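Any read-out appearing in this document is the output of simple, stated calculations on the displayed coordinates, not a laboratory observation. Just so you know, these numbers come straight off a predicted model, no measurement behind them. As a convention, Cβ positions derive from the backbone with ideal geometry for all residues, glycine included, and neighbour counts pool all protein chains shown.
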Amino acid sequence: MKLGFYPGCSLTGSSREYNESILAISKVAGIELAEIPDWNCCGATAAHNLNHELSVSLPARNLALAELAEMEELVVPCAACFNRLVMTQRELNENESLLAIVSEKLQFKLKNNIKILNVIQFLEKYVLPQLDELVKKPLNQDVACYYGCLLVRPQKVMKADRFEDPMSMDLIMQKLGAKAIDWPFKTECCGAGFSVSKTEIVGELSGKIVRNAVDRGAKAIVVACPMCHSNLDMRRPAIESYLKRKVDVPVIYITQAIALAMGLTPKQAGLQRHFVPVNLSVTQN
Amino acid sequence: MSKIGVFICHCGENISATVNCGKVAEVAGKLEGVAYSTDYKYMCSDPGQTIIKQMIKEKGLDGVVVAACSPRMHEPTFRKACSEAGLNPYLCEMANLREHCSWVHDKSDATTQKAIDIVRTLVEKVKHNKPLSTIKVPVTKKALVIGGGIAGIQASLDIANAGHQVVLVEKEPSIGGHMSQLSETFPTLDCSQCILTPRMVEVAQHPNITLMTYAELEKLDGFIGNFKATIRKKAKSIDEKLCTGCGLCTTKCPTKKIPSEFNEGLGFRTAIYVPFPQAVPNKPVIDKLNCQYYLKGKCKVCEKVCPTGAIRFDQEDELVELEVGAVVVATGFNIMTTSEFPEYGYGKYPDVITGLQFERLASASGPTLGEIRRPSDGKIPEKIVFIACAGSRDPAKGKPYCSKICCMYTAKHAMLYQHKVHHGESYVFYMDIRAAGKNYDEFTRRAIVEDKVNYLRGRVSKVYEENGKLIVKGVDTLLNAKPVEIEVDMVVLASAGVANPGSEELAQKMHISYDAYNFFSEAHPKLKPVETNTAGIYLAGACQAPKDIPETVAAASGAAAKVAILFSQNELSREPVVAVVNRSAPPLYSTCVGCFMCATACPYSAIGEEEIKDRKGNVIKKVAKVNPGLCQGCGTCVAFCRSKSIDLDGYTNEQMYSEVMALLNE
Amino acid sequence: MNELIQKAKSLLESDTVQVVIGYGKGSADKTRAIFLTKPEDCDQLLFDSRCVQNLAVYLTKHEIKHLGKPAIVAPIPVLRSILQLAVENQLKESDLVILGVSPESKLIEFDSFGAIELFLNAYKIQIDEKYKATIDKIKAMPVSERFAFWIKELEPCFKCYACRAACPLCYCPKCTVENNQPQWIPAASHLLGNLEWHVMRAMHLAGRCTDCEACYNACPMGIPIHLLTKSMLQDVEEHFGPYGPSVGKRNTLSSFNPDDKESFIR
Amino acid sequence: MTEFEPKIVAFVCNWCTYAGADLTGTSRIKYAQNVKIIRFPCTGRIDFMLLLKAFGEGADGIIVSGCHPNDCHYTSGNFHARRRWIMFRGLLDLLGIDVRRIQYSWVSAAEGAKWADVVNTTVTAIRELGPYTDYAKVANYLEKEANV
């Protein structure tokens, strides 16, 4: 089985461990991910705030390249990339004139029917069915699954189940032997792009998330978005200064959790790349 | 050879100004089969009608064409005139010379020619008219009312007081419905039970009302005036004649921890139970799903303690067939149990409750005897949040419609809370305050101004528990729009009003239509608000859409009035414009081949099967049969019939065919 | 083939059925419908590519019904017709025994109409490309020319009604053409009457026709009347979705969808 | 030579279009005289054969009109009619019977002006198409034979 794969910039930079862990678990599960050749920016943030046409054209080029490579399904782990690609696909399907403009730019007539999967959908479809066999070291810990915004909104497009209280990651974590705690901050805002411009806002927003997770007994926060990860992990000093206390709960990608449960080494899962150390005895015993 | 009379009306100058009426009459007089033709200034006037009547008698006319205004205007007038002169009224047709000719064309020969063409067409039609007699349908003067809430109670009492028999069917063990659960009612804050229970007792004692509780409609056949209803009386496991309602059994029943439906799960009941103290009838039923005897085969405590020996464990459901002339549907509504809103925590946190549960807390007969105490630990909540539109006006997750009653009851709840917990603080999150109604806006203003309820215009995004408190995260969108977080002890959701479960099934049983939300549809949103599309079936109350009590009662009385109007006649007269399946000589008996395409096309399910049998009773063939009581005369079946076996009286194939032929052949 | 003959024999021997409707040898190189009432005659049964007549037509014929309960040799077109007859309340499962014949000439038995439908799912009605091309060609003609084309095609019709007699779905005991109050269609054969007859026939088959071509095969003048029904099948598919007889599905024309789309109503 | 005056038959339902045409009258809106109305209870009652017969008897054009979707007095007669028209129109078109000569419309009881407009535009359109000689030739076949 061969699936298209679009890493995006984060997975080659600040969240390399996300990339590494996806590739690692895919290998164990016997799934081949084929990277889109010559992929480019997904159009997130800068483009879609400044130039609408550009913000559609950039992801459209990626979709076109995937079509050229005859990919039917495309895995997009970064939640922001996923959001851009899905929104673009929908918009081009609804807006013929925009499709014409973009096709003209790309010199390519998009069929625009690739099925785009975020990491949860990918896991549910391809990994979950074999998970019972692949779990070697169950995670016997309480974890808080944090979904953030991009995977569930806008609801009309993402069609997430229970978008105020999603459960898909919780169910996967339970399969891994962990206990997914019931907590109210699953989809609260982490502060997102304020990470750069107004770090203290991220400190407050992400701080409330981390505090609630810790207070409810979570020993790790599980995420599926590079942005969420960097805010909860890299911005820990800002969080601690807002909370006025030290918090050492680690933040891990769901793919890293799966890697550990599959018995891969912390290094294979890329755990050493985090700012908040991931204490193995905490995530696994 | 026909003897048709043609009567051309000038309508003052309305027709004669552009049409040469004399010429039309002259030409019409020469048409084949026309025995008499004339024109007159006002055909509809008394002298005009007299001419028609005289000529029918004098010339022995066997058909009449009145060329005047639209038949939609005066067809009944002229048909009546013909009838008075002894001619079957359905042998009279009108040619529309005014609306369709003289008023829409200028004076010219062509206009006169068109008038002639119209008259000729109708003359040809009349040649093929058959005498028809109005269809008389007997009326069974007994009404079935389904649902014993305030709507059903009001409708039953009104019909019964008009002197007609009523059977009131209620699926629960007692009548009373949601209104019996309410504490006080807006905008007067009078006690719901106090105004309702006298009505409930009146129902029980009314000589014209037969009450069937713990019963449901199983089947409904027939048509207006002549319905046949089958009612399933669920086994109560007691002999109602022997039971005195002493209540000993309910105090001794060992199964005591069943959540009480009447108290919305905030209190408990026993397995043999009366839903609430004021129940009508005040006799218990055994809830078979929870009774130890039915579950495990042992117990029978109630049987042992019953002083009259009224317990009947072997009782079975009973099917009762009723003949009724009209049906009032008053099955009410329900509230959305907000599993679609996990963010509000209903079902997860015991202190997040619905408005209906709050009613029970506030009710003097409720589980807390009217004290506002939170379900988790019985503490009096110091701070409370009311969330309006919990599911209403929310196309994304809930219902797009406004549930109409929530603004008012939320104001009432907040007010009751403030009256009962003087030092308490209450907040209402709302989108808009919709308080249109007599004394309604004044009421909500009173909550805000006098009772100091804090109204926050904005939505709540999340309710969660922290350190034993409920944290309500929301937004205040007014002026200094900002996110708000309130730590409270209890949250009350004004959950959307929704159709009762099973209403779709019920609608299908009765062949009435329902909307996308399973509320029953009225025949016309403005002019026929209590009628359904099926004649003889009426709607009352919240089964149609969420309604408050005054509106429900008004609708119920409206439905009752419709029933009384229907019952004021011994027979119903219907226009004989109905479809008929032909009959022919053996061996065909009918050219109908029984494909029943007509039946699938009929909008009224008026076409059924008929077995044609020989003398020995063997079935020779099955053919379609039109029920003239149900048929409304649209003729859709006629156009479907490949063998032309079904025809529509008044618009028969022969009539329509000859009209086309005549219209085009000058 | 032996299988079929054996089955037919045993059905007659056990008196499960009283007549077997099947194909037998006809004159010259043709096959014809045969009606077997004795087990020993069953050897006459044959089945090959020449057997194109739609035997389902006999199921509703008075004369055949008189013979008793039938078993019928049913290749795919016959199966489709049986299903449509069932939809139209003309057949019950207990009325007949179906000796289905697969395209590989294998005997398949069906115990219910539902089973036929399931089987036919693999054999959806498909209009041959050559017919589609012909229809498209006709549709491309200017309207006058198209009319002239059809009038010329229909001119030889002498109203023998073989098309009607061969069609399993023309089972009305009294057809509209036999109706004289009013006389919808002139009895004599002439241009107008021919045209009206064929319009009516096609309309009466709209949404019902199962594309067996029996009408065309029966026409002694070779008038391409099957093009009318084929074109209408295309229309049904275009406007109302996939077509095919289905138990429990209402006929296309006696049902509707409030959202039916058209572009010609003002 | 006088201008060609087309003969047009209108098949309308009683509850919407007939009433709408009544309103045209009460509003005194003028329209062409060429159209004559035949009243049916419902569009569902209109047999396609009657349309054919109208052409056979020399109609140059036909109007078929009833209640708007969802407004049928009988709830669904017009929905059935619409399906029938979709199929009938397709068949006529294939046969080369000029579908431009049949104008279908929804005219409600409140649309008096629309009725006048439907009539006028249809009359104009048919006038442009000219007499339906193609069909008349076929229809008159009988008479010619009788005359021989």
Sequence-distant residues sharing a close amide H with A:Asp142 (under 5 Å, placed H): A:Lys179, A:Lys219
B:Lys219 versus B:Glu487: modelled label distance in nm, points set 7 Å from Cα along the beta carbon direction: 6.4 nm
Contour minus Cα-Cα distance for B:Met661 and B:Ser573 (0.36 nm per residue): 28.4 nm
Rounded Å value of the spacing that divides the Cα centres of the range C:1-21 and the range B:92-164: 60 Å
Amide H contacts of B:Val328 (H built 1.01 Å from N, under 5 Å, at least 5 apart or other chain): B:Leu144, B:Val145, B:Ile146, B:Tyr538
Expected-Rg normalisation [2.2 N^0.38 Å, Cα atoms] applied to the range B:4-134: 0.94
Under 25 Å from B:Lys420, Cα to Cα: lysines that are on another chain or at least 8 residues apart: B:Lys379, B:Lys383, B:Lys412, B:Lys452, B:Lys469
Alpha-carbon Debye profile of the range D:50-148, log10 I(q)/I(0) at 0.16 Å⁻¹: -0.79
Efficiency of FRET from Cβ geometry, C:Ser263 and B:Ala561, R₀ 56 Å, rounded to 0.05: 0.75
Shape category assigned to the range C:129-254 from the gyration tensor of Cα positions, a/c cut at 1.5: oblate
Gain on full stretching of the segment that runs from B:Asp239 to B:Asp190 - 0.36 nm per residue minus C-alpha separation: 14.0 nm
Table column - 3J(HN,Hα) (Hz), the range B:429-436, Karplus curve with 6.51, -1.76, 1.60, x for Gly and Pro: 8, 9, 8, 9, 9, 9, 10, 7
Taking chain A and dividing mean pair separation by its residue count, relative contact order in percent (alpha carbons under 8 Å, at least six apart): 20 percent
10 Å Cβ neighbours from other chains, averaged over peptide D:95-102: 6
Rh (Kirkwood; distinct C-alpha pairs) - the range A:62-104, Å: 11.2 Å
Cysteines in chain A lacking a second Cys C-beta under 4.7 Å: A:Cys9, A:Cys41, A:Cys145, A:Cys149, A:Cys189, A:Cys190
Whole-number percent relative contact order across chain B, with pairs defined as alpha carbons under 8 Å at least 6 apart: 13 percent
Most positive-pole-ward Cα, B:Ala599, B:Tyr589, B:Asn653, against dipole of the range B:513-666 from beta carbon charges: B:Tyr589
Cα long-axis angle, helix B:109-127 against chain B (0 to 90 degrees, to the nearest 10): 80 degrees
Cα-based radius of gyration of the range C:2-120 once divided by 2.2 N^0.38 Å, which approximates compact folds: 0.97
Cα-based helix-to-principal-axis angle, A:96-106 vs chain A, degrees rounded to 10: 90 degrees
The range B:248-272 versus the range C:27-83: alpha-carbon centroid distance in Å: 70 Å
Square roots of 5 times each gyration tensor eigenvalue, C-alpha, the range B:442-528, largest first, Å: 39, 20, 13
Computed label-point distance, nm, for sites B:Asp451 and C:Gln6 using a 7 Å Cα→Cβ extension: 8.7 nm
In Hz, Karplus ³J(HN,Hα) per residue of the range B:402-410 (6.51, -1.76, 1.60; θ = phi - 60°; x = Gly, Pro): 8, 7, 6, 8, 5, 4, 6, 6, 5
Distant-in-sequence amide H partners of B:Ser37 (H built 1.01 Å from N, under 5 Å): B:Val6
Entries of B:Lys30/D:Lys36; B:Lys141/B:Lys236; B:Lys171/B:Lys613; C:Lys230/D:Lys36 with Cα pairs more than 32 Å apart: B:Lys171/B:Lys613; C:Lys230/D:Lys36
Note, ³J(HN,Hα) from phi for the range B:185-196, Karplus 6.51, -1.76, 1.60, rounded to Hz, x at Gly and Pro: 10, 7, x, 9, 6, 8, 6, 4, 4, 5, 8, 8
At least 15 Å along the helix axis (C-alpha) and Kyte average at least 0.0, DSSP helices within chain C: C:76-87, C:143-154, C:191-205
Backbone N within the range B:236-255 under 12 Å of label point (7 Å from B:Val305 Cα along the Cβ vector): B:246-255
Reduced Cα scattering model of the protein assembly as shown, Debye log10 I(q)/I(0), q = 0.07 Å⁻¹: -1.07
Cys with no candidate disulfide partner in chain C (beta-carbon separation under 4.7 Å rule): C:Cys42, C:Cys51, C:Cys157, C:Cys160, C:Cys172, C:Cys175, C:Cys209, C:Cys212, C:Cys219
Additional length obtainable on full extension of the chain from C:Gln44 to C:Ser27, 0.36 nm per residue less Cα span: 4.7 nm
About the Cα centre, charge dipole magnitude for the range D:8-147 (Lys/Arg +1, Asp/Glu -1 at Cβ), debye: 180 debye
Rg to Rh, two decimals, where the range B:579-648 supplies the alpha carbon set and Rh follows Kirkwood: 0.97
Environment charge at C:Glu104 (Cβ cut-off 14 Å; Lys +1, Arg +1, Asp -1, Glu -1): -1
Label-point separation, A:Ser14 to B:Ser376 (7 Å along Cα→Cβ), nm: 3.7 nm
Where N is the number of residues in chain B, Cα Rg divided by 2.2 N^0.38 Å: 1.27
Residues of type lysines that C:Lys25 reaches as a straight line, Cα spacing below 22 Å, ignoring anything fewer than 8 places off in the same chain: C:Lys7, C:Lys9, C:Lys38, C:Lys61, C:Lys106
Spatial separation of Cα centroids for the range B:467-534 and the range C:187-266, in angstrom: 47 Å
Contact order relative to length of the range B:235-315, as percent, for alpha carbon pairs under 8 angstrom and 6 or more apart: 41 percent
Relative frequency of Cα-Cα separations exceeding 30 Å in chain C, percent: 34 percent
Rounded tilt (10° steps) of D:77-95 against the dominant C-alpha axis of chain D: 20 degrees
Pairs beyond 20 Å (Cα-Cα), from B:Lys399/B:Lys547; B:Lys621/C:Lys65; A:Lys115/A:Lys179: A:Lys115/A:Lys179
Kirkwood hydrodynamic radius of the range B:235-315, from inverse mean 1/r over distinct Cα pairs, in Å: 12.6 Å
Under the Debye formula (equal points on every Cα, no solvent term), log10 I(q)/I(0) of the range C:88-127 at q = 0.17, 0.18 Å⁻¹: -0.52, -0.58
10 Å binning of all Cα-Cα separations within the range A:136-283, expressed as whole percents from 0 upward: 12, 43, 35, 9, 0
